[in-house]
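J.: Here it is, the structure in full.
Any read-out appearing in this document is the output of simple, stated calculations on the displayed coordinates, not a laboratory observation. Just so it is clear, the structure is predicted and the values come from calculations on it, not from any experiment. With ideal geometry, Cβ positions are generated from the backbone for all residues, glycine too; neighbour counts draw on all protein chains shown.
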Amino acid sequence: MHYKKNTIFALLIAVLFFACAGSNNETASSDAVTYRQSQEEKLALLEKTYATMQEKVMANVPPESLLEFITDSSRYWMDSLQLYAKTSPKADVETKQFCEILAVLFYRVNEYEKAWKPNMNSDYRMLSLVTGKAGLIQRAAGLKLGPFEVKNDRGSVGLANSPKVPVIIFKWDDQNWKMDLRATLPLVTKGLESIGAKKNWTNTELALYLLEKEFHYKYTDIKFDETLLDPVPEF
C-alpha cells in the first residue's frame, strides 16, 4: 500500500513538472512573439518618423520645429557647439573632433557673411546648420539610404551600398524615436575625413579646405584660413 502511494505521488509530481515546463515554453514563445511585434512596430514608427522629419526639413521649417525629432542630449550639444563657435579661440577649436570643427567653422562663415535668415531665432542657428535643408545631416540624407534597422531601443540606417554601416542613429524615447545628433554627425562626416587622411592634413586644415571648396565663389570676402579658427569679431 505504501509503495502504491509513493508511485501515485511520483506520477503526480511528473505530471505537474511537465505541465509547468509546457507552460514556461508557451510563456517564452508568447514573449518572443510579443518582442518581435514590438520591434516591428518600432521599425514602422522609425520609418514614419524619419519621413516626417524629412518633409519638415525640405519645407524649410524654422529650426526649432525640429526639436521634437532630436534627443535632449542633442539639443544641449547644439547649444554647446553654438556657444563654442561664438567664443572659443583657435587653441580650443583645434582640440575638437573633425565634425565639431567643421560645424564651428561653418557657423563662423555664416556669421562673417551675416547669412542667417532674417526671422530665424538666433538660439537655433547651429541647429539649422546641422539639421536644415542645406545642413550637414541632409548632405548624407541626400544619398541613397538602405533599410532601417531596430535593435531594442536603438534605430539606425546606413547607405544603400553598405546598409550594415550606420550613418544616422535614433534612440527610443518613451514612445517616440528621436535622432541622436551627437552619434550621427561623426558618422555623416566620416567619409570626408578620408580626404584629409590621404593628404596628411589636420582636422582644421581639412575643414578649411572643404569650406573654401563649397563657398569660395559665393563668399568672396572671406579668407578661408586660420583667421576662421578664432571667433568672428564684433562689428
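J.: Near Lys56, which aspartates and glutamates are there with a Cα under 17 Å away, not counting those fewer than 8 places off in the same chain?
T.: Within the straight-line cut-off, Lys56 pairs with Glu47, Glu64, Glu68.
J.: Express in whole angstrom the spacing between the alpha-carbon centres of the stretch 99-130 and the stretch 141-210.
T.: 20 Å
J.: If you don't mind, there's one more thing I want to ask. Tell me which residues come under 5 Å, amide H to amide H, from Asp173 once H is placed; ignore anything under 5 positions away on its chain.
T.: Those qualifying (amide H under 5 Å, at least 5 residues apart or on another chain) are Lys178.
J.: What ³J(HN,Hα) values, in whole Hz, does the Karplus curve 6.51 cos²θ - 1.76 cosθ + 1.60 give for the stretch 109-121 when θ = phi - 60°, with x put for Gly and Pro?
T.: Here the 3J(HN,Hα) series is 4, 5, 5, 4, 8, 6, 8, 5, 5, x, 9, 6, 5 Hz.
J.: Still on this structure: Identify the trypsin sites (Lys or Arg not before Pro) of the stretch 156-235 meeting these criteria: DSSP loop state and at most 11 other C-beta atoms within 10 Å of the C-beta.
T.: Sites meeting the loop and neighbour criteria: Lys218, Lys223.
J.: With labels modelled as points extended 7 Å from the Cα through the Cβ direction, what inter-label distance (nm, one decimal) is found for Lys144 paired with Glu234?
T.: My value for the distance between the label points is 5.2 nm.
J.: Ok, one more. So which lysines can Lys198 reach, going by Cα to Cα under 28 Å and dropping same-chain residues fewer than 8 places off?
T.: Lys90, Lys96, Lys144, Lys164, Lys190, Lys213, Lys218, Lys223
J.: Another one. Which order, highest average first, do 53-60, 204-211 follow once you tally other Cβ atoms within 10 Å for each residue and take the mean per peptide?
T.: 204-211, 53-60
J.: Taking a point 7 angstrom from the Cα of Leu83 along the C-beta vector, which residues in the stretch 89-110 have backbone N less than 15 Å away?
T.: 89
J.: Plugging the Kirkwood radius over Cα pairs into Stokes-Einstein for the stretch 75-128, at a temperature of 20 °C and a viscosity of 1.002 mPa s, what D comes out in µm²/s?
T.: On the way: Rh = 11.4 Å.
Using the Kirkwood radius from Cα pairs, D works out to 188 µm²/s.
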